[in-house]
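Student: Encoded as structure tokens, here's the structure I'll be asking about.
The values are calculated or read from the model by the stated rules, or taken from the named source; none is laboratory data. Keep in mind it's a predicted model, so treat the numbers as computed, not measured. All Cβ positions, glycine included, derive from the backbone under ideal geometry; neighbour counts span all protein chains shown. These area figures cover heavy atoms from the full protein model, side chains too; ligands, DNA and RNA do not enter into them. Shrake-Rupley method; radii C 1.70, N 1.55, O 1.52, S 1.80 Å.
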Amino acid sequence: AAPVQVQLVVPMAVVFCPGSVPADLPRPLPFRDVQEMEISVNLRSSVTSRYETRYRSTTGQEEAALAAATAREADAALHLLLDTTLGSLTVYVVPETSSLLPQGISVYVGRHRSALVRAGGSLAALQARLREVAQLMSFTAGSIAAVLSDRVPDGQLGPDARRNLKSSLGYEITFSLLNPDPKSHTVDWDIEGAVNRYVRPVLDKLSLVANFSVDSQILYYAVLGVTPRYDKESSSFLLSAHSLPHVINPVEARLGSSAASLYPVLNFLLYVPERSHSPLYIQDKDGAPVSTNAFHSPRWGGIMIYNVEAPASPQASLPLHVDVDMARVMEVFLAQLRLLFGLSRDEVPPEFLLEGPGNEGLADWELDHLLWAHTVENIATVSTTLTSLAQLLDKIGNIVIKDDVASEVYRAVASVQSAVSQLSLGHLHAAFQASKEAVTSSERAFFDPSLLHLLYFPDDQKFAIYIPLFLPMAVPILLSLAKIVRETRLRKKEPTKMD
């Protein structure tokens, strides 16, 4: 594939509160500073990150906001004063003794695009901490290498690199309720209310990234592909971690949504176990019960097992009526949705405190994190698509490229160039939009109907198709020719009569 050369520029403001300015600043405030780092992906792709930092002192309004009782209140007040450009960061350096940050916490990351950092004495110590904050809130070398994972040798990637969803212009989300035993359980779930209440706010926030469609279904008599093991001690049934991969295939055959879909489908399944296998619990690798009773599969979705309490009296009439607690279910599904998009918060250093994302499901800086990664991935995808198209067209000699295909290719190239230049200016939103347009144009060109039949019928296939048609006609013609040649030879051999 063609080389990808991208510079990711992060505009960053570092704001010193009174009493937090390090003694060893190189020059008086305000001043600017630039730090560049090479992100080594592979030989063909060069990605550099460039943090353009502006150091300054707080304004009166910011000081008033930072006088709040808690970091959360300060974050909310500062959000009203800040430039909220996508991809930009603001870090407030508070004095060592500040009571805004709890004991033992040196960095607080809010819900928006700002963080609070304790002054670390020297400028060098502060800059090391700022670098950690900036990478957490924008992108790490790992997150950029992961989206370019198709171009990186396997050995260089961490185990989670290929877990996240690929960048796409759209995603389809399907919530399925699986009731394998309708004779015993009548299950009611208010999926519409739950989607509006819990899922919509998250998808509204993610609408910048892609289009989402949501649907739901109830499947009866759909069973898991694995028979659970009965455990006498707990008198319950157990699914072990190593059997979980085998659960998905038989269920997926019943889902039937991904076959007709243009976009990646995310499946969230709520499984109410049949009465003969209740209660059913999932065990982790160490044999301990999983607290959520759910598991997720990278790039596919998640399954949650919802146990029904056994009736108090054995004579209770069947089927039992079950009302699903949607708040509990949606909490698990939204956590799985975050995992699928690579927004897990596991790798955070211990002295960092991250504000919960609230009912929007993700913080503003997490949205930026997705946009940075998807923009780079889109640029790489377009360069691969156009290179493949060029190589294919080179192989086909008799091809006619229509004007509209050519204009889509030109548009894709122009959009990619625009995305790369917007990234180097630090304009994340414009870069992401341009990269999306480039993907659309390059795919339109690649899958244009006028090229498809040429791509699928190379010359050897044409021979294979036409020989059976021409051979029956050719046989008598060839036999006649052979006969004519034979007769001509005989005529030449016969001596001419002399009078």
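Student: From 73, 62, 52, which residue is among the charged types (D, E, K, R) and over 28 Å from residue 427 (Cα atoms)? I'd like the intermediate steps shown before the answer.
Tutor: Details: 62 fails: over 28 Å from residue 427 (Cα atoms); 52 fails: over 28 Å from residue 427 (Cα atoms).
Every option except 73 fails the conditions.
Student: Moving on to the next point. Every residue in the range 284-310 that is surrounded by 13 or more Cβ atoms within 10 Å (Cβ to Cβ) and either of a type in the set (Val, Ile, Thr) or over 28 Å from residue 173 (Cα atoms) (or both), please.
Tutor: Within the range 284-310, 290, 292, 303, 305, 308 qualify.
Student: Among the numbered criteria (1) within 30 Å of residue 196 (Cα to Cα); (2) surrounded by fewer than 23 Cβ atoms within 10 Å (Cβ to Cβ), which single criterion is violated by residue 422?
Tutor: So residue 422 meets the others, but not (1).
Student: Regarding residue 289, is this residue over 22 Å from residue 213 (Cα atoms), in contact (Cβ under 8 Å) with a residue 60 or more places away in the chain and not hydroxyl-bearing (Ser, Thr, Tyr)? Don't jump to the end; show me each part of the working.
Tutor: Working: over 22 Å from residue 213 (Cα atoms): yes; in contact (Cβ under 8 Å) with a residue 60 or more places away in the chain: no; not hydroxyl-bearing (Ser, Thr, Tyr): yes.
So residue 289 does not fit the description; no.
Student: Okay, moving on. Cβ-Cβ below 6 Å, separation at least six or inter-chain, first residue in the range 183-203 and closer than 14 Å to residue 331 by Cβ, second open to solvent by less than 10 Å² (accessible area, probe 1.4 Å) and among the hydrophobic types (A, V, I, L, M, F, W, C): which pairs?
Tutor: These pairs meet every condition: 194/330; 198/330.
Student: Moving on. Any residue at all in the range 129-139 that is open to solvent by 30 Å² or more (accessible area, probe 1.4 Å) and out of contact with any strand residue (DSSP E or B) (no Cβ under 9 Å at 6 or more places or on another chain)? Reasoning before the result, please.
Tutor: Taking the range 129-139 and keeping what is open to solvent by 30 Å² or more (accessible area, probe 1.4 Å), we get 129, 131-132, 135-136.
Restricting the remaining residues to those that are out of contact with any strand residue (DSSP E or B) (no Cβ under 9 Å at 6 or more places or on another chain) gives none.
There is no residue in the range 129-139 that is open to solvent by 30 Å² or more (accessible area, probe 1.4 Å) and out of contact with any strand residue (DSSP E or B) (no Cβ under 9 Å at 6 or more places or on another chain).
Student: If you take the residues in the range 67-93 that are touching a His at 6+ places or on another chain (Cβ under 9 Å) and surrounded by fewer than 21 Cβ atoms within 10 Å (Cβ to Cβ), which one is farthest from residue 17 (Cα to Cα)?
Tutor: Per the stated criteria, the residue is 86.
Conditions (1) among the hydrophobic types (A, V, I, L, M, F, W, C); (2) more than 26 Å from residue 194 (Cβ to Cβ), marked per residue:
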| position | (1), (2) |
| --- | --- |
| 229 | no, yes |
| 238 | yes, yes |
| 249 | no, yes |
| 270 | yes, no |
| 276 | no, yes |
| 284 | no, yes |
| 295 | yes, no |
| 320 | yes, no |
| 324 | yes, no |
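Student: Regarding the range 15-22, can at least one residue be identified that is modelled with pLDDT under 90 and either under 31 Å from the mean Cα position of the chain (by Cα) or open to solvent by less than 50 Å² (accessible area, probe 1.4 Å) (or both)?
Tutor: yes
Student: Among the residues of the range 342-364, which ones are of a type in the set (A, V, I, L, M) and surrounded by fewer than 16 Cβ atoms within 10 Å (Cβ to Cβ)?
Tutor: Correct list: 348 only.
Student: Considering each of 389, 367, 339, 371 in turn, give the residue that is open to solvent by 30 Å² or more (accessible area, probe 1.4 Å) and either among the basic types (Lys, Arg) or outside any loop (DSSP other than H, G, I, E, B) (or both). Can you show your working first?
Tutor: On the way: 389 fails: open to solvent by 30 Å² or more (accessible area, probe 1.4 Å); 367 fails: open to solvent by 30 Å² or more (accessible area, probe 1.4 Å); 371 fails: open to solvent by 30 Å² or more (accessible area, probe 1.4 Å).
Answer to the check: 339.
Student: Among the residues of the range 167-189 satisfying the criterion of being of a type in the set (A, V, I, L, M, F, W, C) and in a loop (DSSP other than H, G, I, E, B), which is surrounded by the fewest Cβ atoms within 10 Å (Cβ to Cβ)? Talk me through it step by step, then tell me what you get.
Tutor: The initial filter retains those residues of the range 167-189 that are of a type in the set (A, V, I, L, M, F, W, C), namely 169, 173, 175, 177-178, 187, 189.
Restricting the remaining residues to those that are in a loop (DSSP other than H, G, I, E, B) gives 169, 189.
Working: 169: 14, 189: 21.
The residue in question is 169.
Student: Given (1) open to solvent by 50 Å² or more (accessible area, probe 1.4 Å); (2) in contact with a Cys (Cβ under 6 Å, 6 or more places away or on another chain), identify the lone condition not met by residue 96.
Tutor: With respect to (1) open to solvent by 50 Å² or more (accessible area, probe 1.4 Å); (2) in contact with a Cys (Cβ under 6 Å, 6 or more places away or on another chain), residue 96 is out only on (2).
Student: So if I check each of 370, 362, 425, which one is touching a residue at least 60 places away in the same chain (Cβ under 8 Å), touching a Gly at 6+ places or on another chain (Cβ under 9 Å) and under 30 Å from residue 112 (Cα atoms)? Let's see the steps before the verdict.
Tutor: Numbers: 362 fails: touching a Gly at 6+ places or on another chain (Cβ under 9 Å); 425 fails: touching a Gly at 6+ places or on another chain (Cβ under 9 Å).
None of the other options fit; the residue is 370.
Student: To continue, here is another question. For residue 235, indicate whether it is within 21 Å of residue 255 (Cβ to Cβ), small (Gly, Ala, Ser) and open to solvent by 30 Å² or more (accessible area, probe 1.4 Å). Talk me through it step by step, then tell me what you get.
Tutor: Working: within 21 Å of residue 255 (Cβ to Cβ): no; small (Gly, Ala, Ser): yes; open to solvent by 30 Å² or more (accessible area, probe 1.4 Å): yes.
So residue 235 fails the test.
Student: For residue 59, state whether it is farther than 16 Å from residue 354 by Cβ, touching a strand residue (DSSP E or B) at 6+ places or on another chain (Cβ under 9 Å) and loosely packed, with under 15 Cβ neighbours inside 10 Å.
Tutor: Values: farther than 16 Å from residue 354 by Cβ: yes; touching a strand residue (DSSP E or B) at 6+ places or on another chain (Cβ under 9 Å): yes; loosely packed, with under 15 Cβ neighbours inside 10 Å: yes.
Taking the combined requirement at face value, the residue satisfies it.
Student: Also: So which residues in the range 45-56 are within 13 Å of residue 90 (Cα to Cα) and either open to solvent by 10 Å² or more (accessible area, probe 1.4 Å) or not assigned by the TED database to the domain that holds residue 18 (or both), if there are any at all?
Tutor: Applying the first criterion (within 13 Å of residue 90 (Cα to Cα)) to the range 45-56 yields 51-56.
Scanning the range 45-56 gives 51, 52, 53, 54, 56.
Student: Of everything in the range 267-306 that's in a loop (DSSP other than H, G, I, E, B) and touching a Phe, Trp or Tyr at 6+ places or on another chain (Cβ under 8 Å), which residue is modelled with the lowest pLDDT?
Tutor: Filtering the range 267-306 for residues that are in a loop (DSSP other than H, G, I, E, B) and touching a Phe, Trp or Tyr at 6+ places or on another chain (Cβ under 8 Å), the one modelled with the lowest pLDDT comes out as 278.
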